[in-house]
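Beneath this line is the structure, given in structure tokens, with notes to follow.
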């Protein structure tokens, strides 16, 4: 009989193809294009440091202006082997020359827009054939100058793949068999479901590239306009892709990109054999992005929101106090988080007892257990419920307020009752008895 009472009891999932998968980051390239924020050179360097601590394999960056090149130089000065710093270029020799001018960059992405709106309306090209010629010439130029390449197949999930894109990719692989083909779900139209044909079906596209064209390196780059960026990235891995391009917190244009932290957590905790990523700085990383760059993080955002390990309702808090596995999908320390119990309108006596006991222990520097039927505890509960019943309160009770209740009901109401009388020899004898409802632990002393 199987029993699942601890995190280690739960089985992990195996990738069907069993391939090694990796992550490339676009936080300081695509992510920096998020409207309303400015990612400066020192921000980029700090982001690079966090990515190194996590273990991300590659990072892509622009090289167009002095700020970009300054950040690259500062990152290179740190001497890290990973993430590998890679370039990004439009499909023309002039852009590729800018990448070549930066010492130390050995790989570049090349933008290849493949949907008709991009070819005809955005770029003003006369035909698909003209676009293909432009892209292949740029790729050949990069290869001839010694660069490894990634072909960014932009807007592939709104393109004519069978008649245009797949034949183009075959020619790309003829030029550079090691080229990473990036499936760009530019407007978020991709879906992770099997049985959905192109242009939308990520599983269909990945399998066609892998099985029909024999592409060695397949990468997804998914946008979140329909909320499917992470599911589509996972679907890519599930059907044979070996790379996913993401941003931290999912920042980027419009609704943003696939969120790195979600993908990392799923790989580390749910998929067999992915211990290479270190997530214990993720919470710290998110606080940096919020404070220094101004990214607003919803309280209920997966992995890094303030409420991820916060518990208020009676049933949940009672369960977590007894065994965190009851209502927490993974331990807080995995992502550098901290468990937090809150007292609010839905809280029961168990969480209040926990908070009062915790406050007393800190206040008196002793370990004390309070019984649930302690009259003072019930008095605090009544006071708090009165606030909510009379609609005087719309938020949780703060730790400072709990401290005030503890002082009112416990510190001004002696915890130890002292009885004094004389013994047979006339000497004064003192006997102490703990107040009902409080149990000092065996190793503690109450003065």
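Rounded to the nearest 10 degrees, the angle from helix 260-270 to the longest Cα principal axis of the chain is 70 degrees.
The separation of the range 303-381 from the range 70-145, counted between C-alpha centres, amounts to 53 Å.
What relative contact order, as a whole-number percentage, does the range 7-277 give when Cα pairs under 8 Å and 6 or more residues apart are counted? The partial results should precede the final answer.
Numbers: 528 pairs, mean separation 55.8, N = 271.
Dividing the mean separation by the residue count of the range 7-277 yields 21 percent.
Taking a ≥ b ≥ c as the square roots of the eigenvalues of the alpha carbon gyration tensor, the chain is prolate, as a/c is not under 1.5 and a/b beats b/c. Of 366, 230, 114, the residue with the greatest mean-square motion in the GNM of the chain, using alpha carbon springs below 10 Å, is 366.
Largest mean-square fluctuation among 240, 190, 273, in a Gaussian network model of the chain whose springs join Cα atoms under 10 Å apart, belongs to 273. Would you mind calculating the gained length between residue 3 and residue 94 on full extension (0.36 nm times residue separation, minus the Cα-Cα distance), in nm to one decimal? Additional length available on full extension: 26.6 nm. Computed from Cα positions, the angle between helix 128-144 and the longest principal axis of the chain comes to roughly 80 degrees. At an R0 of 60 angstrom, the distance between the Cβ atoms of residue 130 and residue 383 translates into a FRET efficiency of 0.20. Once the Cα atoms of helix 375-389 and of the chain are each reduced to a long axis, what angle between those two axes, in degrees from 0 to 90 to the nearest 10, is obtained? Tilt of helix 375-389: around 50 degrees. Modelled spin labels at residue 292 and residue 395, positioned 7 Å past Cα toward Cβ, are 2.8 nm from each other.
Based on C-alpha pairs under 8 angstrom that are at least 6 apart in sequence, the range 153-297 has a relative contact order of 17 percent.
If r is the Cβ-Cβ distance from residue 358 to residue 270 and R0 is 25 Å, what FRET efficiency results, to the nearest 0.05? Once rounded, the FRET efficiency stands at 0.20. With a Förster radius of 22 Å applied to the beta-carbon distance between residue 38 and residue 278, the computed FRET efficiency rounds to 0.15. When the chain is treated as a Gaussian network with alpha carbon springs shorter than 10 Å, the biggest mean-square fluctuation among 124, 294, 344 belongs to 124. Stretched out straight at 0.36 nm per residue, the stretch from residue 407 to residue 178 would grow longer than its current Cα-Cα span by 75.5 nm. Rounded to the nearest 5, the antiparallel percentage of DSSP beta bridges internal to the chain is 25%.
Approximating the spin labels as points 7 Å out from Cα along Cα→Cβ, the residue 49-to-residue 193 distance works out to 4.6 nm.
Quick note: the coordinates plus some simple rules give every number you see, no bench work behind them. Source: prediction; values computed, not measured. Counting neighbours? That spans all protein chains shown, and the Cβs are built from the backbone with ideal geometry, glycine included.
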